[in-house]
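Okay, structure first, notes after.
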Amino acid sequence: MLGALGQVMESEYTNPAELLGLNGEVDEALMGYLNALNPVARARAVSKLTKRHIPSQGSRAEFEKFFVELPKHIKEQLGEGKLRLADHLIYSIKPVKGAKTIKMFESQDVKEVGLRNISNAKLPKNMALLVSGIILMQGKADSLDPEAIKVTSFDTIGGVAAFANGEFKLKANKKQLVSDTSNRSFITDGFSQVPKGFYKLSNPRLIQDDIDIEFEIELGTVTGVDPNAVIYVGLVGTATIP
């Protein structure tokens with residue numbers, strides 16, 4: 001325990017108290033760690049715990065607010081330096097095939113470059129992702145053959161009314177993270193400082209490892225949707241990686 005405390009105190013994180021789960025309270029283990037240090041090291045450790053730090057930026061800052069929600073095994077590995085925080089995006093590309101409900105992550109999915117970068121609709125072991133934003137775009141493949149889908153060019157959904165006027169929802173472990181929201185949030189045509197099809201969440205949400213991810217798009221109609229239409233969804237944020 002003392003070794004882990006020491007690694008956290010010397011780590012890159014500006015809020016080690018939150019990662020340790022102290023929430024402002026000094027517990028017995030921390031007191032033991034501090035008492036074992038020489039006076040100079042003890043003063044440095046106390047300073048790191050109590051001083052105001054230069055805040056992190058972007059989705060990393062958002063992720064640090066969720067340290068308390070991380071499972072124990074991920075917290076421990078962050079503290080030990082076996083995991084670190086990094087920018088990350090998980091994506092899935094699916095053909096519409098005339099359906100009014102498109103499930104972008106499914107349990108039978110297998111990771112395949114150009115189609116998706118996770119398997120079984122779950123994050124890999126030891127990865128937690130703080131979803132800071134979502135990308136949704138559409139394209140038209142030459143055919144519905146996987147090789148043709150892999151070379152599809154994507155654009156915003158603004159030009160396809162059935163997509164623009166639909167809705168989406170995001171769940172993790174059967175819990176709603178984003179509920180029945182208009183797809184018009186993804187129409188970024190004419191926005192010069194926003195990535196294509198990007199919707200910034202005002203309320204970022206944490207997805208933990210090895211739980212089911214569901215992203216469903218609901219269309220009121222498929223009128224005007226090309227038979228070879230393809231949808232791209234990306235969940236953007238900060239994740240724990242080795």
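With a Förster radius of 35 Å applied to the beta-carbon distance between Asn203 and Asn35, the computed FRET efficiency rounds to 0.30.
Here the 3J(HN,Hα) profile of region 168-181, calculated from phi with Karplus coefficients 6.51, -1.76 and 1.60 at θ = phi - 60°, is 9, 9, 10, 10, 9, 6, 6, 9, 5, 9, 9, 10, 6, 10 Hz, Gly and Pro shown as x. When the pairs Lys100/Lys122; Lys72/Lys100; Lys65/Lys140 are compared against a 29 Å limit on Cα-Cα distance, Lys72/Lys100; Lys65/Lys140 fall above it. When the inverse distances between all different Cα atoms of region 115-194 are averaged and flipped, the Kirkwood radius reads 15.1 angstrom.
Can you pull the percent of region 125-190's accessible area that's carbon plus sulfur, 1.4 Å probe, other chains left in place? On region 125-190, the fraction of accessible area on carbon and sulfur atoms equals 44 percent.
Taking the Cβ of Ser153 as the centre, find all other residues whose Cβ is under 14 Å away and add up their charges (Lys, Arg: +1; Asp, Glu: -1). Charge balance in the 14 Å sphere: 0. In this structure region 86-188 gives 47 Å² per residue of accessible area when probed at 1.4 Å with all protein chains present.
Multiplying the residue separation of Glu80 and Leu144 by 0.36 nm and subtracting their alpha-carbon distance yields 18.4 nm.
Kindly provide the trypsin sites (Lys or Arg not before Pro) of region 112-177 that DSSP labels as loop, not H, G, I, E or B, and whose Cβ sees at most 15 other Cβ atoms within 10 Å. Loop-located and lightly packed - Lys125, Lys150, Lys174.
The values are calculated or read from the model by the stated rules, or taken from the named source; none is laboratory data. Every value quoted in this text rests on a predicted model; they were computed, and no experiment measured them. Positions of Cβ are generated from backbone atoms using ideal geometry, with glycine treated the same way; all protein chains shown enter the neighbour counts. Surface areas here come from the heavy atoms of the whole protein model, side chains and all, with no ligands, DNA or RNA. Shrake-Rupley method; radii C 1.70, N 1.55, O 1.52, S 1.80 Å.
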